[in-house]
Each structure stands twice: as C-alpha cells, then as structure tokens.
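See below for the structure under consideration.
The values are calculated or read from the model by the stated rules, or taken from the named source; none is laboratory data. Because the structure is predicted, anything quoted here is derived from the model rather than measured. Cβ coordinates were reconstructed from backbone atoms using ideal geometry, including for glycine residues, and neighbour counts include every protein chain displayed.
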Amino acid sequence: MRTEVGVASNAMTGSRHVSLAMRSSLLMTAGLGLIAAPFLLGLGTAALVAGVAIGVATVALGLAGTETSGRGTLSVAAHADYDRGLALGLVLAALLFVLSGEPAAALVFGIAGVAALIVTTVTRYSARPA
C-alpha cells in the first residue's frame, strides 16, 4: 500500500526524467532539425536565416552540455536559464512569423518552442550521473 502511494505521488508531481546528457542529445538533434527544416520545407529567407542561426546556437548549447566540468562547458544553472531562453525565443519567433504572414515557418518554430519547453520541464538539472 505504501509503495502505491509513493508511485502515485511521483507521477503526479511530474518527476524529472531527462538527464543532462540526454538533454544535450535532444538539443543537438533539434538544432540540426532547425537548420534543415526551412531548407527542406522551402520556407522564406527570414525562416532560413532564423533556422540556421537558432539551430547553430542550439547545437552549441547541446555541445556545451555534454560534460559537467571543464573547458567549454556551462554550469548547471546556466543550462536551465539558456534552455528557458531558447524555448521562449522559439515561441516568440513563431509569433513573429504568424504576424508576418508565414504560417509554415510559424509552425516549425512553434513546434520547436513547445518541444523545448517540454524538455526544459522534464530535465533533471543536476550534475549527478544519470
């Protein structure tokens, strides 16, 4: 009986299941997707430039998260802040594309922004091993 309560409590509080290493992999994949998607979907110049710029920054953020210490890495707190900023920036980019009449670009950046928000919500921001 006691175990069932613990499991239900854990599920209801939304425990964090994604490690920093997995988050880095997801960021690198998402960054490459943001670089490729505007080209593959034939989006406009603004979406191409935004996709490449944000995609490169996302890949760099993912690479900086592959280790918890050493040269070229960020603190765990910085990871959390940059992830939230990335998600907010993607959602704002989607809003700007909606306002400029580019619904396909808005959809690409909106989906990426929502995905980034979800990953940020479920990531375990700690330096302990997975």
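Any residue that is in a helix (DSSP H, G or I), over 20 Å from Tyr125 (Cα atoms) and either at pLDDT 95 or above or under 15 Å from the mean Cα position of the chain (by Cα) (or both) - is there at least one of those in segment 56-69? Checking segment 56-69: at least one residue is in a helix (DSSP H, G or I), over 20 Å from Tyr125 (Cα atoms) and either at pLDDT 95 or above or under 15 Å from the mean Cα position of the chain (by Cα) (or both). For segment 28-40, the set of residues classified as surrounded by 15 or more Cβ atoms within 10 Å (Cβ to Cβ) and either over 20 Å from the mean Cα position of the chain (by Cα) or in contact (Cβ under 8 Å) with a residue 60 or more places away in the chain (or both) consists of Ala30, Gly33, Leu34, Ala37, Pro38, listed by residue number. Looking at Ala77, Ala46, Ala53, just one residue is touching a helix residue (DSSP H, G or I) at 6+ places or on another chain (Cβ under 8 Å) and either aliphatic (A, V, I, L, M) or part of a helix (DSSP H, G or I) (or both), and that residue is Ala46. Taking every residue in segment 115-127 that is under 18 Å from Thr58 (Cα atoms) and pairing it with any residue that is acidic (Asp, Glu) and modelled with pLDDT of 85 or more, at least 6 positions away or on another chain, the pairs with Cβ-Cβ distances below 8 Å are Ala116/Asp83; Val119/Asp83; Thr120/Asp83; Thr123/Asp83. Scanning for something within 16 Å of the chain's Cα centre (by Cα), modelled with pLDDT of 95 or more, farther than 21 Å from Ala36 by Cβ and surrounded by fewer than 17 Cβ atoms within 10 Å (Cβ to Cβ), does segment 91-106 turn up at least one residue? Yes, segment 91-106 contains at least one residue that is within 16 Å of the chain's Cα centre (by Cα), modelled with pLDDT of 95 or more, farther than 21 Å from Ala36 by Cβ and surrounded by fewer than 17 Cβ atoms within 10 Å (Cβ to Cβ).
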